1. Rounded to the nearest 500 deg cm²/dmol, what is the calculated helix-only ellipticity per residue at 222 nm for the chain, with -39500 (n - 2.57) per DSSP H run of length n ≥ 4?
2. At a 1.4 Å probe radius, carbon and sulfur cover how many percent of the accessible area of the range 231-338?
3. Accessible area per residue, 1.4 Å probe, Å², for the chain: what's the number?
4. Take the Cβ-Cβ distance between D523 and T184 as r, set R0 to 22 Å, and report the resulting FRET efficiency rounded to the nearest 0.05.
5. Using the crude model of +1 on Lys and Arg Cβ and -1 on Asp and Glu Cβ, and no other charge, please compute the dipole size for the range 57-188 relative to its Cα centre, in debye to 20.
6. Counting only protein heavy atoms and a 1.4 Å probe, tell me what percentage of the range 388-536's accessible area is made up of carbon and sulfur.
7. Under 8 Å for C-alpha pairs, at least 6 residues apart: give me the relative contact order for the chain, rounded to a whole percent.
8. Within the range 397-436, report the trypsin sites (Lys or Arg not before Pro) that DSSP leaves as loop and that have at most 16 other Cβ atoms within 10 Å.
Amino acid sequence: MGRHDNNTDGGAPRRAGLRVGLSVALVAVLAVGAYVVWDKTRSTCDEVRPVSVIAEGDLADYVTELADQAESTSCFDYTVEAVPASHVSDRLGGDEIPDIWVAESQSRIRQVGTALGHSWTGIGPSIGTSPIVVAGRDLPGLPSWSKVLSMPALRVDPPAVSDVSNAAVVGALAEMSQGSMTHTELVQTLTGRALRMNDEDGAPDLKKMADDDAPSLALVSERTYAGFTDGDSDSPLTAAVPQTGTVALDYRIANVAPSARAVISNGAIGALAETAKTDEGDRIRAAHHIRPADGAPLADGQGVGDVTMIEAPERAFIDNIERKWAALTRPIRALVVQDVSGSMRLDAGGRSRAQLLRDASIYGLAEFPKNTALGYWEFSIDRGGPGVPYREVAPIAPIMAKTGGVLNRDVLGKAIDSSLKNLHGGTGLYDTALAAFRKVYDTYDPAYSNSVILMTDGRNEVAHSITLNQLVSELNIMKNPARRIPIITIGISDDADADALKRISEATGGSSFIAHDPKDIGDILLKAVSFRVQDA
């Protein structure tokens, strides 16, 4: 029968309860491949073929029931694994690639395909839809998605956890296309919302909202809302969509199998799709509060009934704004690497370079959102022991977590202050840059925007280190589209090796900055941190 594995860490499947994110899509008609349906009864199968399936978010239960039913009329044995939206890219770019991916959207499939350098053409038909709604107590008027996004009380998961928020973004984009707001106003609105999401505990929690008498609102799928209120006619929560209309999840099946298994995967997709069209498929879908592919309302007055669907803007505009939105909302996870060589004692307008870097770093720490994870290394020749120019001062960890009862944000501040008072030795740039990249690569967390922020006032001074060409070559070899890790370099003063720093950053898709006046370090540090958005 169809097996359901819950995988919360992107590694080996394990059985566990799991609530994972939703992904949003426009209900749009795209080319659908032709699928061979192995229409046989189980008893006549010469061979039952195993098929591995990953299902995004909490779709796994729905897909498992469809798979169980499909097995009775086909020659396939499905294993369904729940994978959080944040781990899908890593799963599809790993060593054990599944045969089928059930995503919540075609736009989601395009996004992941672009990131991995794939263009999957085997996208099956929709196996259901679910419009996005605003749910809560004492809902205010909802004139437009741009107004909804500006409401401080709104709770919504970021796209790395749940792509439901893309619906509001696409809705606002459609409003912009109709002339009700400018592109600048849209970006400002999204930036403000992203800052709230990254600096607050704002995940939607319908149970908490129902138990609290205060007005509230959250962005969720109709499926989530209807599932929560099913059978509870006295629920204090209601749901609605903006007057301008809404966008729906459009559950799609993608053939992501290696070429040797593509035909088998095609047949397995066909069997699932055909099962979804049967009376039993209708029953399973309705039990999970999912609308049919044509968007007909849920039965028995569940959900929000008839709704206006927003006319989709051009696909290129959608993909662009969703990339920016994902970049804005993805929390920062960075390894900060600072030069503590003797040259950092040099005067920079009445203060040393190290003192200016220290002040800029402490200021930057205060500006990072609460969901940031940071680590800290210092480097100069033999700083980590003979022949090792780098030393880990603090491992990468959430800045709002505590170590020994002290906030990590404060631990980092004290570590940076102490480190930049202990200056000696030359600059071991190349070995340090490679080691830092490897560290972040080996500990990569797909729920974050992972990076290395490297700051130096000099050039490589280690006689027996790797060369710049060897470093760039190693970085190019290690690059993985599923694990994008830019090295963002900041040169402190004109003494920094600008050409080398630029090559290091460019090899990883990062950016390089030079503080010609060390007093500009603070502003440049903040620009460097925001680079993940500019790159979107």
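1. On the way: 18 runs with 192 residues, N = 536.
It comes out at -10500 deg cm²/dmol, rounded to the nearest 500.
2. Ligands and nucleic acids excluded, carbon and sulfur give 48 percent.
3. Numbers: 22420 Å² over 536 residues.
I get 42 Å² per residue for the chain.
4. 0.55
5. On the way: 6 positive and 17 negative charges, 160 e Å.
That gives the range 57-188 a dipole magnitude of about 780 debye.
6. About 49 percent, which is the carbon plus sulfur part of the accessible surface.
7. Numbers: 1151 pairs, mean separation 80.0, N = 536.
It rounds to 15 percent for the chain.
8. Details: sites: K402, R409, K414, K421; in loops: K421.
Hits after loop and neighbour filter: K421.
The values are calculated or read from the model by the stated rules, or taken from the named source; none is laboratory data. It should be emphasised that the depicted structure is a prediction, and the values quoted were computed from it without experimental measurement. Positions of Cβ are backbone-derived with ideal geometry, glycine not excepted, and every protein chain shown enters the neighbour counts. The area values use the complete protein model at the heavy-atom level, side chains included, leaving out ligands, DNA and RNA. Shrake-Rupley method; radii C 1.70, N 1.55, O 1.52, S 1.80 Å.
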